[in-house]
Every structure is written in structure tokens, then in C-alpha cells.
Amino acid sequence: MNEFVLPLPDDFHIHLRQDQALAFYAQDIAKQFGRVLVMPNTLPPLTSVQSILNYKKAIQEAAPRLETLLSFKIHPQLKLQDLEDFKKIGVLIGKYYPAGATTNSEDGISDLEHIFPVLSMMEDLDIVLSVHGEEPSAFCLDREAAFIPKVQLLTEKFPKLRIVFEHLSSAKAVQAVLDMPDTVAATITVHHLTMTLDDLIGENLMPHHFCKPIVKTPEDREAIRQAAFSGNKKFFFGSDSAPHLKEKKESFCGAAGIYSAPVILPILMQEFEKEDKLNRLANFVAGFGADFYGIARSTQSIRLIRKEWQVPLQIHGVVPLAAGQTLQWSLA
Ligand code: NCD
Ligand code: ZN
């Protein structure tokens, strides 16, 4: 097979940043995706109706064919009235960052109970809770597993609240999502599907493979692969593509985040083909996520062809995932 047609996919977790760089990142993802759920950890963060609408407009101007799905950041001063206003402008998710868990999360939440009233209101308004599921006080490789009881608690306290456990990185979290009710789903990235800790520190220190949550053991990666290839509707694609300039990653204190946007579909094609699961790719990138969020599935399509290309070493000053590697699938 030398050609493959997919419904135009959705990326349910992406960082497009702000200012001049935003246009580059929006245009890169628009080459492969029709809709993107943009994360609110910009500087300053997306915490007001006006900031969210301005952000949407900036993306629209940069990439007119890209549809933006909106988010807000849950922060300690959030008011219940804000939630009603967000709902009115069609915001899909409230993003929960434990304080200090990842890039630009210093203003996150340190006490989950503190936001119970917010979560209860989100449940009533049917706004999805998106969680960066890592417990910052735990050892770095155990942070995701340490967060699972919190998600469990949320499912018990707020049985109708829909929750997305973002960027799964461990076998334990995969199992937890399987065991939880259907109100809980999860996103899976390209890098957690393909890499382990060996790709980060096994031979040399590879700063461009550093992200939160950290890529983990071969067993963890295998569990994530099984989840993605399983055809289970709880698991869908979210890239967590998170560009940082080369010098911000290759530095004394390197930033967390992997720029995967330019290579997503070629790598997904390669991985699903390797496992003889290409028939499950459409639902993974353009079906289950839309269904979970209650939005219509994509009606457009995109064609990929088997044609080698070399991933550039840098794209707008950022080193992308798979830089310098030859990939087998190209956009037609
Ligand atoms: C993301 C970023 O750079 O904004 N970084 C990351 O390592 N994934 C934030 C996030 O989603 O954790
Ligand atoms: Zn992210």
C-alpha cells in the first residue's frame, strides 16, 4: 500500500504559544490537522473570556482553516461566574495543572479540595476537566502513578464530570483509565508511543526528548501502545506538541516539552502500520476524541503517500521530534 486516506484529524492537546511564534506553530499543525484543542498555559495564561477570544482570533488570522477548540486554565482565583461566561463562548475544557508540575504551571493548584466548587460547577455546566496528571511531590518517574488516586477521588465526588487524563506515560495510568467509568478518557502522544527513558538518557542526554510527563520504561511504552492500537474509545490522540526554542532546551535548566507537530501523521502511520493496525488509526486521530467531547466528527480528509523525507534539524529555531531522521510517509 502506497497511499492512505484519513479523515482530517483532531489534536486534542497542543501548545501553540503566543506572539510572533504562534503563527509558525499554528501553520505547522494546520498542514496535518483540522481542529486543535489549544492549551491555556500561555504567558499570561488563558483565564478570562477576553484573553481566550483574543487567542482564538490570533490563531484564526495565522491559520484560517484551522478550527480552534478552547480551554481555560483553572487557577486559585477563578470565580464561578467565570465558568458560565466560558460556557457561553463555547469553551470545551478547564485545564488542571498541579502547581509546579510542568512548564508555566507555577500558578496551578496546590490543593485539589480548594477547587471542588469549581469542579462541581463544571460538572453542572458539562465542561470537561482536563488534567495534567502528575503529583509534583513524588519521585519524577512515579508522579503519574501517584496522581491516580486523585482522579479516582474526582470520579467518586463528581460522577457526571467528564475527565481527560492527558498524555498517558505509564502502564499504571493506562490500567487506571481502563478501570474507571466511561466519564474518564485519556490522550496519548506520539512521543510516549515511541520512546522510553533510553531515548532521553540511555546513551547521551537528549534534551529534545525531555517532556512532562517523562517518557518511561519499555513496559510503560508497551501498555500505551496497546491502548492506542486497541480500538478502545477511551484512548485518543493529543500530541502535547510543546515547542521551546533550541537554546531554551539546550541550557543550564532545560525546558520541558517536545515539538512533535511537524511529524505527527508520518510517525503515527509508521507505528500503526508496524502493528498492522492501520484500520484503527482513523478512530484514534479523528473519531473517539470528537465523540468524547460531543462534537461532530470531521467530514474532510487528508491523503498520505509512501515517500521518504528527511525531518529538518530545526524549524523556526526549534528542534522537532525525529530531527534529521528519514520518515517513510509524507503528506500528499
Ligand atoms: C508543556 C509545555 O511546554 O507547555 N510541556 C511538556 O513537557 N509537556 C506543558 C505540559 O503539557 O505539560
Ligand atoms: Zn501539554
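Quick rundown of the values:
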| read-out | value |
| --- | --- |
| For the chain: rounded, prolate or oblate by the Cα gyration tensor [a/c cutoff 1.5] | rounded |
| Listed residues 14, 74, 305, most fluctuating in the chain (Gaussian network, C-alpha, under 10 Å) | 305 |
| Nearby lysines by direct alpha-carbon distance to residue 307 (threshold 29 angstrom, same-chain neighbours under 8 apart not counted) | 31, 246, 274, 277 |
| Solvent-accessible area per residue for the stretch 3-331 (1.4 angstrom probe, square angstrom) | 41 |
| Potential lengthening between residue 146 and residue 120 on full extension [0.36 nm per residue; Cα-Cα distance subtracted] | 7.0 nm |
| Highest-fluctuation residue, 158, 235, 139 considered, GNM on the chain with Cα pairs under 10 Å | 139 |
| Expected 222 nm ellipticity per residue - DSSP helices of 4 or more, -39500 (n - 2.57), all of the chain, to 500 | -10000 deg cm²/dmol |
| Packing rank of 199-205, 244-250, where each peptide gets the mean count of other beta carbons within 10 Å, highest leading | 244-250, 199-205 |
| Rh by Kirkwood over Cα pairs, then Stokes-Einstein D for the stretch 26-86 at 1.002 mPa s and 20 °C, µm²/s | 175 |
| Charge context of residue 12, other residues only, Cβ under 11 angstrom, K/R +1, D/E -1 | -3 |
| Nearest-0.05 FRET efficiency for residue 233 and residue 65, computed from C-beta distance (R0 22 Å) | 0.20 |
| Amide N proximity, the stretch 299-332 versus residue 206 label position 7 Å along Cα-to-Cβ, cut-off under 12 Å | 321-325 |
| The chain, relative contact order [Cα under 8 Å, separation at least 6], % | 18 |
| The stretch 175-221 pair-distance distribution - Cα-Cα, 5 Å bins, rounded % | 5, 19, 26, 19, 13, 9, 6, 2, 1 |
| Net charge contributed by nearby residues that have their C-beta within less than 13 Å of residue 23 (K/R +1, D/E -1) | -1 |
| Surrounding net charge for residue 306, when Lys and Arg each add one and Asp and Glu each subtract one, Cβ distance under 12 Å | -1 |
| Protein accessible area in the chain, 1.4 Å probe - carbon and sulfur % | 52 |
| Gyration tensor over alpha-carbon atoms, the stretch 69-140, equivalent ellipsoid semi-axes in Å | 22, 12, 10 |
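The values are calculated or read from the model by the stated rules, or taken from the named source; none is laboratory data. Treat the numbers as computed from the prediction; the structure is a model and nothing was measured. With ideal geometry, Cβ positions are generated from the backbone for all residues, glycine too; neighbour counts draw on all protein chains shown. Keep in mind that these areas ignore ligands, DNA and RNA; they rest on the heavy atoms of the full protein, side chains included. Shrake-Rupley method; radii C 1.70, N 1.55, O 1.52, S 1.80 Å.
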